[in-house]
Every structure is written in C-alpha cells, then in structure tokens.
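To keep things clear, I will list the structure first and then write my remarks on it.
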Amino acid sequence: FRSKQWYQRRVAITAGGDCAKKAVREVVSGVVAKGLNGKPKTKDTCGKIVLMCVEIEQVVDAREEILEGFKSRQPKVVAAAVNIVTQCLNQFGSKVFPIKPLIQKDLLKPVLEHKDGKVRDEAKALVTEMYRWIGDMLPKLLTTLELKDVMLKELEEEWSKTEKGIPERYTRTEQKKMEEMEEMEEEEGGGDEAGGDTPKEVEEVEDLDPYDLADPVDILKKLNKDVPDFHAKLVDKSWKIRKEALDALLPLAENTIKIEPSHDFGSVVTPLAKIIAKDTNIVVCQLAAKCLAGIAKGLRKKYRLRLCVDTTA
C-alpha cells in the first residue's frame, strides 16, 4: 500500500488522462485490500483517492471495486467502504454517482442488517444520503430488499431530518463547462448579477424516475407460486373465490414498480377485463380495475391491451 509503484499510480490518478483510467481499478482494489483496515488517517486518504477517481469520471470502475469492500469479512473494512460510497454520493450527487447499482438485495441488505453496529450505522447513513437525492421514490425501491419493519421505521426517522441534495463537487468535464460558462458571462458582462441556481444545480436536483432505477420483477411467477389455482379462482362462480384471487394479485400489481414483461399477460388481463365489463359484484369489479391499472403501470410501454371480450356471453 505504501510502495513506490502504488504511489505513482495515485499521482497518475490525480493528474487524470489515459494513464489514470488504466490505474483506477488496481488502485481502488488496493484501497479495499490494504487501506480500509488501516488507521483513520489512512482511511481518510483512501476516501480522497476514490473521490478523485469519480472526479476524473471513472465512476464504474471505482464503484465496482469499492463495493467489493461490502463483502469483506472484516467489519471495519465494510464500514469504511460504505462510508466512502456515501461520500461519493454526497459530493457528486446521483447524476454522477447513480443510486440504482447500490440498491441490490445481496449488497445493501446485508450491510443494513450486519451484526456489527458500526456497519449498520454507516449503511443507514448511506440510505439516508440516497433519500436526499431521490426522496419519496426510495421507499418504493427498498421494497425489493424485504427489510424488517423496525429497520424501515428507523430509516424513516432519519429521512425526516434531511434536506434535498445538491452536489458539492464536480467532475473534470463539469468543471471545464462551468469555467467556460463563467468566461462567457464575463464577456457578456453578466458576472455574478444573474444570481440564482446555475443550470447544472437545477439539473442535479431533479427527481429521478423510480421505474428507471428498479429491477423488473416476475409477478406471475410469484402469483402462481402463492396461488397455484389462480386462473381457476378468477373465473369461479362464487364472487368470494374471485375476490380471493384478486386479493392475491392486487399487492403484486400495485406494489411492483417495474414488472417483468417477458410473460404473456393475456391470460390475466383478459379475465380482468371481462370481470370489469360483466361482473355483477361491485367489490370484485373494483379489485379487477385496480389490478389492471397496477399491471399497466408496471409494464408501461410494454403493456398492450389486446382483448376480444364478448360482453353478450
């Protein structure tokens, strides 16, 4: 970690350029392997190195390597890795350091439920930082992690204390653009009189679409597992049985942000449309309408309503 060769790579990263791009993975891998279990000063240096990797726009390589620290057997390495990820998001924002790759069940849930208290605290701080950037979209995304109610309550208490995120640091490309804009303003005589947020700041604090952040979920697979005779129940003569089938489908349809579109939904959508068109029970009709709306929302452009409903039958 203190070798001359490793130091040279750190210098290359600070300088930027093609040499820096080649050195990022090896340097950040070294940070995780040998730096994060060191003294506080060493950890602080490691954080600065990773932040510099993000600044020179090597986000993917830096992120993939630092996330390996989440899987370490040493709690202090895990805690330090989570802290650095939080710093990256805090400094650059979710436009530069995307949140979607962080919300993975096998990545985020283990650190939130870690045996070590320091790791859990750092994980909560990371999720709270996410909330600063995407707000009320985050709870919907966290449903895929299947967290305990106690954990969700603790997180919600922290979220209530946060403010909207605004980037404090910029990538080299962004810095160059900002310098060019300042020069143009000076030439035009605008100076600092314009005031207000810069276009960049406005862009950075825009809301993100949770649909773009979510992974698709196969709700039909879950439905068939939970209710093997779902299709038979959906067309049963008893309204109570039909309602039972719809009660099983509704939470899957409404609570799934992005539905896996690979299946043929005609076997579900067609009976739902028939229920809405012909069923005499108002409760069943309302449930069917909600289910259909949830499926359409979860499939978006991939949703196609191709029905041939004989309302006279």
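Need at least 3 residues that are modelled with pLDDT under 85, out of contact with any Cys (no Cβ under 6 Å at 6 or more places or on another chain) and closer than 30 Å to A248 by Cβ per element, so show me which helices (runs of 4 or more DSSP H) inside segment 158-225 make the cut, counting only ones lying wholly within it.
210-213
Among residues belonging to segment 105-120 that are part of a helix (DSSP H, G or I) and touching a residue at least 24 places away in the same chain (Cβ under 8 Å), point out the one that is nearest to the chain's Cα centre (by Cα).
L108
Can you find, within segment 151-181, the residue that is surrounded by the most Cβ atoms within 10 Å (Cβ to Cβ) among those that are among the hydrophobic types (A, V, I, L, M, F, W, C) and farther than 22 Å from V50 by Cβ?
Ranking the candidates gives L155 first.
Would you point out which residue out of R132, R73, R120 is in contact with a His (Cβ under 6 Å, 6 or more places away or on another chain), at pLDDT 90 or above and either of a type in the set (D, E, K, R) or buried (at least 23 other Cβ atoms within 10 Å of the Cβ) (or both)?
Every option except R120 fails the conditions.
Restrict the check to segment 261-268 and report whether at least one residue is of a type in the set (G, A, S) and in a loop (DSSP other than H, G, I, E, B).
Yes, that holds for at least one residue.
Quick check, is K48 open to solvent by 10 Å² or more (accessible area, probe 1.4 Å), out of contact with any His (no Cβ under 9 Å at 6 or more places or on another chain) and in a helix (DSSP H, G or I)?
yes
The values are calculated or read from the model by the stated rules, or taken from the named source; none is laboratory data. Computed from a predicted structure; not experimentally measured. Glycine also receives a Cβ, built like all others from the backbone with ideal geometry; neighbour counts cover every protein chain displayed. In case anyone asks, the SASA skips ligands and DNA or RNA and just uses the protein heavy atoms, side chains included. Shrake-Rupley method; radii C 1.70, N 1.55, O 1.52, S 1.80 Å.
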